[in-house]
Amino acid sequence: MNPLVNPNIMLPFIKSYLIERNRIERMNEGQLKRYKDKLLRRMVQYAYTVPLYRRKYKEAGVHPEDIKGIEDIYKLPFISRQDLNKDFPDGIIPPSFNKNDGYIICTGGTTTKYCCNSGAQPVCIYTDALSLLKGSIITFRSNKAFGFNWRKTKFAHIGNFNPFKYDKVFEKNIISPARRFFSFKNYLSMQASNKTMEIIKKLENFKPDVIISYPAIFQDIAYLKRKGYGREIKPRILLVGGAMLDEYTRSYVEDAFGCKMYNTYASCESGAEIAFECKYRNWHIHDDFFHIEAIDEDMKPVAPGERGRIVLTKLWGRGTPIIRYTGMNDWITLGNGEKCSCGLKSPIFGRPVEGKISFNIVLPDGQIIPPSRFLFISEILLNLGTFKVKRFQIIQKKIDEIDILLVIDRDLKEDKPSFDEMAKRIKERYLKETGPEVEINVIEVEEIKEEISGKPAPILISYVNQDKCVI
Ligand SMILES: [Zn+2]
């Protein structure tokens, strides 16, 4: 049955759409807290019907009645990626959940072995049509902040449409059935692994106002735009997610497209956008849909303003509950309650998300550096005022060996600065940070090897194990 003609799905969705779209802007702090308390109580009760959660809660000696509100969340045990994997499929949903009406969504995982030498196992969860629809309400909210109208603004989404990926599941089960009622002529989706020239041709025909994709895809398109292709692609805004965006890539892309680029922060497990970057470049958290904690390596909470591992609690949705989930593996910094000058009331992160913990750089002296703090290359290239690097990647191969791969724009090869000059500056800057015991190799390559998961390769990878690594 088309979920969009099912009143048990559509009536709650319409109600949510009307009430929840602007909810966070209407509520004061006290109201928001009470509301989140109520949602958490409900979610914990729901989770207690799920074998994995019931077992973990019993082991921890905690019962749903012990959870009165967010201040009690610390009583609940953490749920890791391995926990979800071990109990998949029947242990991560309530016995009453009808798998035939649900959908499986999986994270990409990676072919790269990193983090405790375990490799990043993909994780799969269950969701349903109403949860997918509710997740889209959050997108309406950030769209409104940017002044988009979902019926009129033309969106082009270049994502990961492989089976079991969120983009594919949403398109197949929500967008496609919705085409019976709406033309969706203003929505174009494309596979990110398609050839860049094909993507450009489609974008040029479609003429989007908004393009949504990964940083590396934007960079590849921007490169060809610089060569004179895709002249008719003139978006008003670019929304980027799924990977860390560095300042060089941002400038490179914004310069080529002639418009601004903003981050969105989501995951397969969250089932929706968790936060988005506004025009003031602050990251607003959808705090009425999620509760976010930051913890240190001993799994203890860190204070606002301090960097910690994200712990995600999803306060809505059916299928697999996500409560105190540690598997997202990102560095975040919670804000201290300061509001953004853009006028939105939602809380903001203290700093932008700083990349995957599993890709931390580990130095021989024991220093551990988050990925975003090791992107000196961006600063160097911007200071040199050059756009001749069309992609780069930093790979920590061993504790004392780091390769920095540069793909050079051939047409600009003879332009100043020369490759040797750039390489010298990059090497000097990195040696200053790492100390002379680390070998820094700046290497020109033809291309960056992409992941096979359907997502472009990250700009920084570390193969060095770290202690206390929880994924
Ligand atoms: Zn703002």
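Every number here is computed from the coordinates shown, using simple stated rules; none is lab data. This structure is a prediction, so every number in the text was calculated from the model and none was measured. When we count neighbours, we look across all protein chains shown, and the Cβ atoms used for this are built from the backbone with ideal geometry, even at glycine.
Its alpha carbons considered, region 1-99 gives a radius of gyration followed by a Dmax of 16.4, 43 Å. Fully extending the segment from GLU447 to LYS152, taken as 0.36 nm per residue of separation minus the present Cα-Cα distance, adds 102.4 nm. What is the distance in Å between the Cα centroid of region 1-21 and that of region 181-249? Region 1-21 and region 181-249 have Cα centres spaced 31 Å from each other.
Potential lengthening of the chain between LYS185 and LEU412 amounts to 77.8 nm, from the contour at 0.36 nm per residue minus the alpha-carbon distance. For the pair region 31-103 and region 319-370, the centres of their Cα atoms are 22 angstrom apart. Under the shape rule built on the C-alpha gyration tensor, where the axes satisfy a ≥ b ≥ c, region 358-462 is oblate, since a/c reaches at least 1.5 while a/b does not exceed b/c.
For the Cα trace of region 288-378, dividing Rg by the Kirkwood Rh returns an Rg/Rh value of 1.02.
Highest mean packing first, where packing is the average number of other Cβ atoms within 10 Å per residue, the peptides 430-439, 269-278 line up as 269-278, 430-439. Of the GluC sites (Glu not before Pro) found in region 298-407, those in coil by DSSP whose Cβ has at most 14 other Cβ atoms within 10 Å are GLU306, GLU338. Using a basic spin-label model with each label point 7 Å from the Cα along Cα→Cβ, how many nm lie between ALA60 and LYS195? It works out to 5.2 nm between the two label points.
Among the listed pairs LYS56/LYS397; LYS172/LYS279; LYS165/LYS202, those with a Cα-Cα distance over 28 Å are LYS56/LYS397; LYS172/LYS279. Spacing of the modelled spin labels on GLU428 and ASP72, each 7 Å from Cα toward Cβ, amounts to 6.1 nm.
Within the same chain, lysines fewer than 8 places from LYS398 are excluded, and of the rest, those with a Cα less than 23 Å from its Cα are LYS113, LYS356, LYS424, LYS427, LYS432, LYS449, LYS468. 3J(HN,Hα) along region 159-168: x, 9, 9, 6, x, 6, 8, 3, 4, 5 Hz, from the Karplus curve 6.51 cos²θ - 1.76 cosθ + 1.60 with θ = phi - 60°, whole Hz, x for Gly and Pro. Restricting region 162-200 to trypsin sites (Lys or Arg not before Pro) that sit in a DSSP loop and have at most 13 other Cβ atoms within 10 Å of their own Cβ leaves ARG179, ARG180, LYS185, LYS195. Under 17 Å of direct C-alpha separation, and excluding same-chain neighbours fewer than eight residues apart, LYS58 reaches these lysines: LYS75. The base-10 log of I(q)/I(0) for region 197-264, evaluated at q = 0.26 Å⁻¹, reads -1.23 [Debye formula, identical scatterers on Cα atoms, solvent excluded]. Here is the P(r) of the chain: all C-alpha pair distances, binned every 20 Å from 0, give 23, 58, 19, 0 in whole percents. Simple spin-label estimate for GLU421 and GLN367 gives 2.8 nm between the two label positions (7 Å along the Cα-to-Cβ direction from each Cα).
From most to least packed by mean Cβ count within 10 Å, the peptides 91-102, 229-240, 412-423, 280-291 give 280-291, 229-240, 91-102, 412-423. Find the percent of Cα-Cα distances in region 222-340 that exceed 24 Å, and round it to a whole number. Tail of P(r) above 24 Å: 39 percent of Cα pairs.
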